[in-house]
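These notes concern the structure reproduced below.
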């Protein structure tokens, strides 16, 4: 199997990676489209910044958008290099009925594309919605099957969870050729073995530069202000949202308007071509790990 053949080439897969994000406490919720995930906390690596924006963002009358930036094709995590003023918009944990389509509508209004890291369980529950994301030109990756903290599992169980999630998203999309190799660790909780395993395969691990913390039970305005503040402090980066929260649906139109007003551009992240046979799906049928 193409993903795990790389694992057998290196004896360093169990090394400890410096700077790995730590999971934070959270309330476990049942997976599925009908379950509320507002209490699920995804750990972030956002940098702290003093508050610069206490006033509400104005509602804008939208004209032709200048927000859409370049397309960045990558085959590895190390190739994700942004210029000052560039952002990548990522959305985890979906798709969610009643919310993901509204997120797509907001992105369409500005002609920008996002990267959606879907849970296998959510994609399986909402296959038509998963396909809608891809058919509207957005990049779809995976995020495990049940949003499990992989750092708490055995190596084999963690690999099985990753493989199961990716396979479920691919099935919902209608085939592996619709699925990108992008993957994000739930809670950003990883081990050196898991990260190195993925990086030695053809998976592209997406980290987080700016965590919106849209899972906090705050107003949409507070989440938007905090995210913009952290972006201003950093100047560019990968932004983490979740397309399962109403506050994210509510904040996104004005957030995009403010990005445009401040001169940012949204980079479309896509995988490099994988050849005429498309992309294979990872498997976890390896023993002795």
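Looking across segment 218-236, the residues that are more than 23 Å from residue 101 (Cβ to Cβ) and surrounded by fewer than 20 Cβ atoms within 10 Å (Cβ to Cβ) come down to 218, 222, 229, 232, 233, 234, 235, 236. Here is a list of conditions, (1) in contact with a strand residue (DSSP E or B) (Cβ under 8 Å, 6 or more places away or on another chain); (2) modelled with pLDDT under 95, and residue 64 meets all of them except one; can you say which number that is? (1) is the only condition that residue 64 fails. Scanning segment 208-232 for residues that are out of contact with any strand residue (DSSP E or B) (no Cβ under 9 Å at 6 or more places or on another chain) and in a loop (DSSP other than H, G, I, E, B) turns up 216, 217, 218, 219.
Reported count of residues in segment 115-136, each being without any contact (Cβ under 8 Å) to a residue 40 or more places away in the chain and part of a loop (DSSP other than H, G, I, E, B), is 1. Among the residues of segment 139-151, not a single one is more than 14 Å from the chain's Cα centre (by Cα) and at pLDDT below 95.
Collect the residues in segment 61-95 that are crowded, with 18+ Cβ neighbours inside 10 Å and over 30 Å from residue 200 (Cα atoms), keeping them in residue-number order. The one that is crowded, with 18+ Cβ neighbours inside 10 Å and over 30 Å from residue 200 (Cα atoms): 67.
For segment 153-168, filtered to residues that are free of Cβ contacts under 8 Å to residues at least 24 places away in the same chain and in a helix (DSSP H, G or I), the residue that is surrounded by the most Cβ atoms within 10 Å (Cβ to Cβ) is 161. On inspection, residue 257 passes the criterion of being assigned to a helix (DSSP H, G or I), surrounded by fewer than 22 Cβ atoms within 10 Å (Cβ to Cβ) and at negative phi. Scanning segment 96-113 for residues being surrounded by fewer than 24 Cβ atoms within 10 Å (Cβ to Cβ) and part of a loop (DSSP other than H, G, I, E, B) gives a total of 7. Has segment 173-189 got at least one residue that is farther than 23 Å from residue 131 by Cα and more than 18 Å from the chain's Cα centre (by Cα)? Within segment 173-189 (the criterion being farther than 23 Å from residue 131 by Cα and more than 18 Å from the chain's Cα centre (by Cα)), the answer is no, since none of the residues qualifies. When residue 182 is tested against the conditions (1) out of contact with any helix residue (DSSP H, G or I) (no Cβ under 8 Å at 6 or more places or on another chain); (2) surrounded by fewer than 22 Cβ atoms within 10 Å (Cβ to Cβ); (3) within 19 Å of residue 123 (Cα to Cα); (4) at pLDDT 95 or above, the lone failure is (2).
The values are calculated or read from the model by the stated rules, or taken from the named source; none is laboratory data. Everything numeric in this text was worked out from a predicted model, so none of it was measured. All Cβ positions, glycine included, derive from the backbone under ideal geometry; neighbour counts span all protein chains shown.
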